[in-house]
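First up is the structure itself, then whatever we jot down about it.
The values are calculated or read from the model by the stated rules, or taken from the named source; none is laboratory data. Fair warning: this is a prediction, and the values are worked out from it, not measured in the lab. Every residue, glycine among them, receives a Cβ derived from its backbone with ideal geometry; neighbour counts consider all protein chains shown. Heavy atoms of the whole protein, side chains included, go into the accessibility calculation; ligands, DNA and RNA do not. Shrake-Rupley method; radii C 1.70, N 1.55, O 1.52, S 1.80 Å.
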Amino acid sequence: MLRRTIIPIAVVALALGGLAACGGDDDDDDAASDDTEATDDTEAEATTTTAAPLDGPPIKIMTIGEFSAGVSNPEIPEGIQGAAEGINSRGGINGSPLEVIVCDTNNDPNTAAECGRQAVDEGVAAVVGGLTLFGGEYFPLLEENKIPAIGNVLATVADFTSPVSYPVYGGIISTSAALPYALAVSGAARIATARIDLTEGVVIPLFGNTALATVGQEYVADVPIPPNTADMATYVAQTQAAEPDGVVVALPAQDSLNFLTEILAANPEIKAALVSTETDAVREALGDEIADRLVYNDSFVVDEESEVYQQYLADMEAAGFDEVGDFRNDMYAATVVFAEIAKQLPAGQVTAAGIWDLLPTQTEVRTGLTPPINFSAPYPVPNSPIPGLRVFNVCVQIATLDAEGLAVLQPGFIDPFTAEDCPAP
C-alpha cells in the first residue's frame, strides 16, 4: 500500500553544516484535500508502454549520504531507485539502462571520502541526490574529475558553493522564507521565530525577514534556543513578550516538541510553522487537532490530477516501495532531472564530462514535478551572507490555514522572496 505524504520539508542544514534536519511529514493528515492512500479501490496507474530492449551500455549514477547512522535518511535511495526503475521500464536513457550505486557514509568522514573515490573509479555520470554533512570530504574529488552532483540536499559549505553542486530545490533557503510568508498570508500579523542557537542559524530570520517584507512585515522577535534545552519556559516567555500570533519553529525534534507544547499551552490560538528533524513524529506527538494547524511548504507537485505524479506513485509501487514522501519525492525528481539532461547526449555516450558540459546550458529543465529549473545561473537570493550561493530553484507551494484551522495546499508555486508566481511544472 502506498502512503502519500504531504510535507517533504527541506533539511535545516545551514551554511556551515551546523544544523541538519531531515524533512518530511509521514502522516495522512487533513492538509489538502488531495490526501491519497493507494488502496484496492484507488491504485496508482503507470503509463503502459512497450519499451525497446535496453541494449546500450549501462549509465551509472551514485547517491551518497548518511543512510544508516547519524542524522540518517534511509528513504533517500528509494526515491532514486524508484525513478531509475521507472525510467528503465520506459526504455531507459536512449536505450541504456540506468544503474544506481548507493554509498552509505555511515556518518564517517573517511567513508564519505571513499564514496567519492568510488564514484571516480566506477565512472559514474553524476552523483544524484543524497544528503550528507561530509560533502567537503568528496566534493574536491568530484571537482577534479568533473563529476556533477545533481539534486543534492543543501547541507554543507560544499553543497552551497561548489561548482559541481546543482541542487534541484532551495532547501533551508526556500523554507526560511516560505514559512513566515505562509503564516502571514494565513492571517498572522505578528510573527516570531524560535530557532536553534547556532551562528549559522541567523539565516533563518535573515531570509524570513526578506520574505515578510513583501507583505509589509518583519519578525517581531528572534529567539535563539540552545540545542537540547529541556525547560523551554524562559524562551517561551521571551517569545510571548512580543505578543505574536504566529511562530516559526526551527529546532531539533525534541526541542521543537518541547517548545510547541509550552507555547501552545500559553497561547492556544497561535499559528505555527515547523521545520525540524522527525517532523512527522513531532506532529503526531502534538496530536491531530493541534498538528493540523501547522503551516508548511512543499517543493514537489502533489496533485492527484497530474499524470506525472501518478507515474511517480506507480514507479515507486512497482519498485517495491510502500511509502512515498519525505525525501523520496525530491530524490525522484533529481533522478528525472539527470535523465532529461542525459537524453540530450548521443546514445551510448553519456559520461560525467558530457553532463558537466550540458548542465550550465540548461535554462528550462522540466520534470512535471517541479517548476522548470534554470541551471545556467544561480538564483540571486536577496541578502545572502554566503558568497557564491548555488541555488537554482526557490519555488515552493504554500499551505495556509482555512477557517477551521486546517492546512490547505495552495495551487501553484511561488517565489517566497518576491511573492510572485513561478512557472507551472
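Here are some notes:
- Packing order of peptides 370-376, 247-253, 201-207, highest average first: 247-253, 201-207, 370-376 (average count of other Cβ atoms within 10 Å over each peptide's residues).
- Relative to the current alpha-carbon distance between residue 420 and residue 233, full extension at 0.36 nm per residue lengthens the span by 63.5 nm.
- Gyration tensor (alpha-carbon) shape descriptor, segment 64-149, a/c threshold 1.5: oblate
- Cα shape, segment 128-257, gyration tensor, a/c 1.5 rule: prolate
- Nitroxide proxy distance, nm - points 7 Å out along Cα→Cβ at residue 343 and residue 99: 2.3 nm
- Prolate/oblate/rounded call for segment 165-233, Cα gyration tensor, a/c under 1.5 rounded: oblate
- Annotation: per residue accessible area for segment 64-127 equals 34 Å², rounded to a whole number [probe 1.4 Å, protein chains only].
- Segment 60-73 - phi-based ³J(HN,Hα) in whole Hz, Karplus 6.51/-1.76/1.60, Gly and Pro as x: 9, 10, 10, 10, 10, x, 7, 9, 9, 8, x, 7, 7, 9
- For segment 241-247, Karplus couplings with θ = phi - 60° (6.51, -1.76, 1.60), whole Hz, Gly/Pro x: 4, 8, 6, x, 10, x, 9
- Here the accessible area of segment 275-425 is 48 percent carbon and sulfur, with a 1.4 angstrom probe and all protein chains present.
- The GluC sites (Glu not before Pro) found in segment 298-333 that occupy coil by DSSP, while having at most 12 further C-beta atoms within 10 Å, are 305.
- Model label points for residue 157 and residue 383, set 7 angstrom from Cα along the Cα-to-Cβ axis, are 2.4 nm apart.
- Rolling a 1.4 Å probe over the protein heavy atoms leaves residue 120 with an accessible area of roughly 50 Å².
- Heavy-atom accessible area for residue 101, with the other protein chains in place and a 1.4 Å probe, reaches approximately 30 Å².
- Here residue 189 and residue 376 are evaluated by their C-beta separation; at R0 = 41 Å the FRET efficiency comes out at 0.55.
- Residue 384 accessible area, 1.4 Å probe, all protein chains in place, Å² to nearest 10: 40 Å²
- Spin-label pair residue 364/residue 265, simplified geometry with 7 Å Cα→Cβ offset, distance in nm: 5.5 nm
- With Cα atoms defining each centre, segment 83-132 and segment 315-360 are spaced 10 Å apart in the structure.
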